[in-house]
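Taken together, the values in this text are just the output of simple stated rules run on the coordinates, not laboratory data. All values reported here derive from a predicted model rather than from experimental measurement. Don't worry about glycine lacking a Cβ; one is built from the backbone with ideal geometry, like all the others, and counts go over all protein chains shown.
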Amino acid sequence: MKKQLLSISCMLALAVCAHAQWKPAGDRLKTRWAEEINPAEVLPEYPRPLLERPLWLNLNGEWEYALLDRGQAEPESFDGRILVPFAIESSLSGVQKTVTEKQELWYKRTFTLPPAWKGKHVKLNFGAVDWRADVFVNDVLIGSHQGGYTPFSFDITPWLTSGKQKLVVRVWDPTNRGYQPIGKQTLKPEGIWYTAVTGIWQTVWLEPVSPNHVTAVKSIPDIDNKLVAVTVETSELQSKDIIEVQVLDNGVRVGSAKGIAGQTMRIPVGDLKLWTPESPTLYAVTISVLRAGNVVDKVSSYTAMRKISTARDADGIMRMQLNNKDYFHYGTLDQGWWPDGLYTAPADEALVYDIIKTKDLGFNMIRKHVKVEPARWYYHCDREGILVWQDMPSGDLGNQWAPQTYGGGTDKARTQESIDNYYQEWKEIMALCISNPSVVVWVPFNEGWGQFDTEKVAACTKACDPSRLVNPASGGNHRPCGDIIDLHNYPNPKMYLSDPQRVNVLGEYGGIGWPMEGHLWRDRQNWGYVQFKNKDEVTAEYVKYAGELQKLVKRGFSAAVYTQTTDVEGEVNGLMTYDRKELKVNETAVRAANQAVIRELDK
């Protein structure tokens, strides 16, 4: 059946593309993966590894699109075709148009359900749409979602008819002219601000489900008590169905439990195999919904046994610990941007490439900077073994702010609408990554960008997830809250402030630039914090900074983040070029320097 379904998906996509000639728009920099894109099979991998079903229908591919002034009805005719899930501003969308706050972006396509799905409920899933999306099925508004970084779903069964089904999505995104989280997006890209992203930018898919089906899985390991706490949510909140969870190691069951939806099952796992970047062991998890002993829904998931915590070392310095042992976090600032796809990687292989190359360079951590990735990126981090610090995308940069005194310092006032939206989106982001073992630190604010009510936000973050550390403001307005105090210093590492009650980290440093000819987003106005002319010079400066950092480890630093993984648009301070075709440093030398920093705590 799975092969049959996949073939149906391919035939549908091929039928759409038979009369269209998609090609990337524009002539700017592209990755090698752009050359391999088949519009009939765009990002064909199942998009949600932590809650996976065997039957599904990928709706990626060519859709119709139209740009209209805000407030208009659905257009009778559309402007052309767009390749979903690439944002309209991107080259890979085939369109490459800017969308302002005065416009709305419309999408349209049709689909036909496989005959085998007859009698099933049908879920319509979106990985992410930036920013406010209204969804219509067969001309009926079935639901809306506000938030540019997180998945959402609708049960569309009541509005389905026979034959072809019509799907329309309307999107409004004011980018930096609104209050919502945007990260580095702007309508006027320059400096550290990048091209805006509007609309669908992650996979769209359908799947058949039972009336009562699994909607969420939360798995939190507890290595001290040798168990994993699993909470399963289902669509029918008052159902008497039984939830059965099995934990498997290489196909052998090592733990199981039964319970009801919404109740946390504490499942003992014997003979623990701990997850670390050096040994990223994952356990398979199967979850079944049982009604009168019969399986009415079944999904696949996974978990890992690992612990992130803090403790004082022999010198009284607060340290981060992984599995109850001091562990230095050393990683790159990762913007997650692509020259051809912007927010969306051109291929799943491309997502993996950045992670593996970061590990090859000797790092054990990635700070995902004011952006959220598709669920598959976190899956690859779990599988490959790398720690993740997850930022909240910043926002409210375009508003007029009223200064106010708060908690002994100067803060910025937000509207209540903005505050409510911040909490909504941040909680959804945490829920997205709650079961990913690689994610170990939450970062609600960066450098005071839109920072507000820091103590309250840090406490809310900790309450939502007590199992991870909270870095309340990376390089921002420091307040006595959270688990971490985070300094930024460019270009070289420095410790100019410390807190004996919290873990001290260097959340950003470096920025060594080299505008590498033939791999630039633009010919002029490229910049780095310092600039050099060749690989040897960049490597020498990097190794020098790593040596300085190594001396600061015993003085109190427990983590550091180098800026940055790749060049991005006008920023040329990446370890790789923006197109990922060239490494700008000597890998062997950088790896040795990085490993020396990480091992300093072992001395």
Subject >> Charge dipole of the chain about the Cα centre (unit charges at C-beta), most positive-ward option of PHE557, GLY528, THR195 >> reply: PHE557
**OP:** Once you have the Cα-Cα distance between ALA596 and GLN424, take 0.36 nm times their residue separation minus that, and quote the gain in nm to one decimal.
**Re:** 57.8 nm
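For every helix of n ≥ 4 consecutive DSSP H residues, a contribution of -39,500 (n - 2.57) applies; sum these over the chain, divide by its total residues, and give [θ] at 222 nm rounded to the nearest 500 deg cm²/dmol.
Mean residue ellipticity, 222 nm, calculated: -5500 deg cm²/dmol.
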Original post:
Counting pairs of alpha carbon atoms under 8 Å apart in space and at least six apart in sequence, what relative contact order in percent does the chain give?
Top reply: 12
Original post:
Only one of the listed values, [x] 3, 14, 22, 23, 16, 11, 6, 3, 1, 0, 0, 0; [y] 3, 14, 19, 21, 20, 14, 7, 2, 0; [z] 3, 16, 27, 28, 18, 7, 1, 0, was derived from the coordinates as P(r) over Cα pairs in 10 Å bins from 0, in percent; which label is it?
Top reply: [z]
**OP:** Give, rounded to the nearest 20 debye, the magnitude of the charge dipole that the chain has about its Cα centre when Lys and Arg contribute +1 at Cβ and Asp and Glu contribute -1 at Cβ.
**Re:** 1000
Subject >> Point-to-point label distance, ARG177-ILE260, nm (Cα→Cβ direction, 7 Å offset) >> reply: 5.2
Original post:
How much FRET efficiency would the formula 1/(1 + (r/R0)^6) give for SER300 and LEU237, where r is the Cβ-Cβ distance and R0 is 25 Å, rounded to 0.05?
Top reply: 0.60
Subject >> Highest to lowest packing among 144-157, 382-395, scored as the average C-beta count within 10 Å >> reply: 382-395, 144-157
Subject >> Charge sum, other residues only, whose C-beta stays under 10 Å from VAL168's C-beta, Lys/Arg counted +1 and Asp/Glu -1 >> reply: 0
Subject >> For the chain, share of DSSP beta bridges that run antiparallel, in % to the nearest 5 >> reply: 70
Original post:
Which loop trypsin sites (Lys or Arg not before Pro) in the range 219-281, with loop taken from DSSP, have no more than 10 other Cβ atoms within 10 angstrom of their Cβ?
Top reply: LYS240
Original post:
Ranked highest first by the average count of other Cβ atoms within 10 Å around their residues, in what order do 463-469, 520-526 fall?
Top reply: 463-469, 520-526
Original post:
Stretch SER162-LYS581 to full length: gain in nm at 0.36 nm per residue minus the Cα-Cα span?
Top reply: 146.0 nm
**OP:** Sketch the reach of a paramagnetic label on THR415 as a point 7 Å from Cα along Cα-to-Cβ, and name the residues of the range 153-194 whose backbone nitrogen lies under 11 Å away.
**Re:** 178-180
**OP:** Have a look at TRP337, TRP275, GLY293 and report the one farthest towards the positive end of the charge dipole of the range 258-384, computed about the Cα centre with Cβ charges (Lys/Arg +1, Asp/Glu -1).
**Re:** GLY293
Subject >> Whole-number percent relative contact order across the range 84-172, with pairs defined as alpha carbons under 8 Å at least 6 apart >> reply: 34
**OP:** Take the alpha-carbon centre of the range 261-335, take the same for the range 524-577, and report the distance between them in whole Å.
**Re:** 32
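About the Cα centre of the range 209-288, what is the dipole size in debye to 20, counting +1 per Lys and Arg Cβ and -1 per Asp and Glu Cβ, all else neutral?
140
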Original post:
Hey, what did the range 479-534 get for relative contact order, percent, Cα under 8 Å, at least 6 apart?
Top reply: 33
Subject >> Low-density loop cleavage sites - GluC sites (Glu not before Pro) in the range 416-524, where at most 14 other Cβ are within 10 Å (DSSP) >> reply: GLU517
**OP:** Calculate the dipole size of the range 494-603 relative to its Cα centre from +1 charges on Lys and Arg beta carbons and -1 charges on Asp and Glu beta carbons; express the result in debye to the nearest 20.
**Re:** 420
Original post:
Sorted by average packing, counted as other Cβ atoms within 10 angstrom per residue and highest first, what order do 45-52, 245-252 take?
Top reply: 45-52, 245-252
Subject >> Residue (of ALA304, TRP514, ILE88) at the positive-pole extreme of the chain, dipole from beta-carbon charges >> reply: ALA304
